[in-house]
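To start, the structure under review is shown below, and the notes come after it.
The values are calculated or read from the model by the stated rules, or taken from the named source; none is laboratory data. Note that the coordinates shown come from a computational prediction; the quantities given were computed from them, not determined experimentally. Here the Cβ positions follow ideal geometry from the backbone for every residue, glycine too, while neighbour counts run over all protein chains shown. What goes into the accessible areas is simple: the full protein's heavy atoms, side chains included, and nothing from ligands, DNA or RNA. Shrake-Rupley method; radii C 1.70, N 1.55, O 1.52, S 1.80 Å.
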Amino acid sequence: MDKPYVMHGWHLSYFSGKTRAYLRYKGVPFEDRAVDALTLLWKIPRKTGAAVMPVVVTPQGEWLQDTTDIAEAIERRFPEAPVTPATPRQRIAALLLEAWADEWWIPPAMHYRWIYPENYKLFQADSGDGLLPWFPRVVKDRLAAYVADKMRSYLPAVGVIPEQRAVMERWTEDMLDALEKHFAVLPFLFGTRPSVADFGLIGPMYGHLGRDPWPKKHLVEPRPHLKAWIERMNQPKVRGGEFLPDDAIPETLQPLLDAVFREFYPMVEGIRDEVRAALKQKPARSRLPRALGTIEFPMGQGRFRRAAMPYTLWMMQRVLDAYGALDAAGRGRVDAWTAAQGVPDAMRLDIGVRLKRVGLHVKAER
């Protein structure tokens, strides 16, 4: 029997939910292993350069890190039922929504996990059992408390502060309402087959909002179509389905696309400006820090402030590269679509620098 793939991750983890759902849908034979302390703090950094999850180890012994890179590598080896649409408008829209789901949803996910104390028992049990599976509960609980304090220390950097709670919660409920309406019509974002956008969105929807007790009860349970989509993504019954014909973008996705173009794009532009300033000061630096200065941008009916994360710019670079790889006719179709969105130059966004991913960091390419 061939060796299976191995995924090191947690059910608590934002990005592990994305990779786990993808591997299940693609029919990849894999073992789902909870990350223990030795693996997280020694094996994974030694192999990938960062203490991070999820990581997928191939039968050939390769250690794959970053959910987008993992999916691209697996897609080449398991090409049946591809998750990236072939038609130009759907392809670019799906990649934009994947980047948005990966990067924009981090503050709401962290907010709902750490602001409501009833979530802590699940975090304590899962993280303690994962990190120290053979240790007594008292030791597990102490380490879980240390990890929780570490995670809480990141909240201000991503904008989870009391004065932004109202705008973030209103925005989240509005987006969940939009998703509820969409999934009442279609089983996935672009048809009867999940796309890269679905796998991006399952990250926050499973590990945080759909599993932590408070958001599960108050945000997901009252929205049965959203709840059913989360279940479909985690337990796929079939591999296949179709994206909508004629390169169609569902009208029910319009609230999400409005958020991408009116909110996510200004955030990306703010990050770009911070990256430019950082490189101007220290152009020879080997890599950019995880967080730069504070930026401000729209969120729903209000404004939101958080630290600029250069990694987001690398994700946007992937979308622009996909647009650049289209033929002239394909780019024309995308341009006509973005013009109808009121953003005719969306695919000509100047991110100012070519970036390369290095673990959890990015650096400017020479």
Cα-Cα longer than 23 Å, checked against Lys140/Lys227; Lys3/Lys363; Lys18/Lys216; Lys3/Lys47; Lys18/Lys227, kept in input order, equals Lys140/Lys227; Lys3/Lys363
Over its alpha-carbon atoms, the range 14-54 yields an Rg and a Dmax in Å of 11.4, 30
In the range 167-263, which GluC sites (Glu not before Pro) fall in coil by DSSP and have 13 or fewer other Cβ atoms within 10 Å?
-> Glu242
Ranking Gly302, Leu256, Phe243 by how far each Cα lies towards the positive end of the charge dipole of the range 238-366 (+1 on Lys and Arg Cβ, -1 on Asp and Glu Cβ), the top one is Gly302
May I ask what percent, to the nearest 5, of DSSP beta bridges between residues of the chain are antiparallel?
-> 80
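Before I look further, what does the range 185-309 give for accessible area per residue, probe 1.4 Å, in whole square angstrom?
On a per-residue basis, the range 185-309 sits at 45 Å².
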Tell me, what is the percent relative contact order of the range 1-158, built from C-alpha pairs under 8 Å that lie six or more residues apart?
-> 23
Could you pull out the GluC sites (Glu not before Pro) across the range 23-98 that fall in loop regions by DSSP (anything but H, G, I, E, B) with no more than 16 other Cβ atoms inside 10 Å?
-> Glu62, Glu80
Going by a ≥ b ≥ c, the root eigenvalues of the Cα gyration tensor, does the range 1-115 fall in the rounded group (a/c under 1.5), the prolate group (a/b larger than b/c) or the oblate group?
-> oblate
Using a ≥ b ≥ c from the Cα gyration tensor of the range 132-285 (square roots of the eigenvalues), is it rounded, prolate or oblate, where a/c under 1.5 gives rounded and otherwise the larger of a/b and b/c decides, a/b for prolate?
-> oblate
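Roughly to the nearest percent, how much of the accessible area of the chain is carbon and sulfur, given a 1.4 Å probe?
54
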Charge dipole of the chain about the Cα centre (unit charges at C-beta), most positive-ward option of Ile70, Met316, Leu143 = Leu143
Whole-angstrom gap from the range 261-281 to the range 123-187, using each part's C-alpha centre = 26
Report the net charge of residues surrounding Phe243, where surrounding means a beta-carbon distance below 12 angstrom and charges are Lys +1, Arg +1, Asp -1, Glu -1.
-> -1
What percent does the relative contact order of the chain come to when contacts are Cα pairs within less than 8 Å and at least six residues apart?
-> 21
Within the range 265-366, which GluC sites (Glu not before Pro) sit in a loop by DSSP and count at most 15 neighbouring Cβ atoms inside 10 Å?
-> Glu365
What shape does the chain take by its C-alpha gyration tensor, where a ≥ b ≥ c are the square roots of the eigenvalues and a/c under 1.5 counts as rounded, a/b above b/c as prolate, and the rest as oblate?
-> rounded
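Taking all pairs of distinct Cα atoms, average 1/r, flip it, and tell me the Kirkwood hydrodynamic radius of the range 163-221 in Å to one decimal place.
On the way: mean 1/r = 0.0805 Å⁻¹.
Computed over the range 163-221, the radius equals 12.4 Å.
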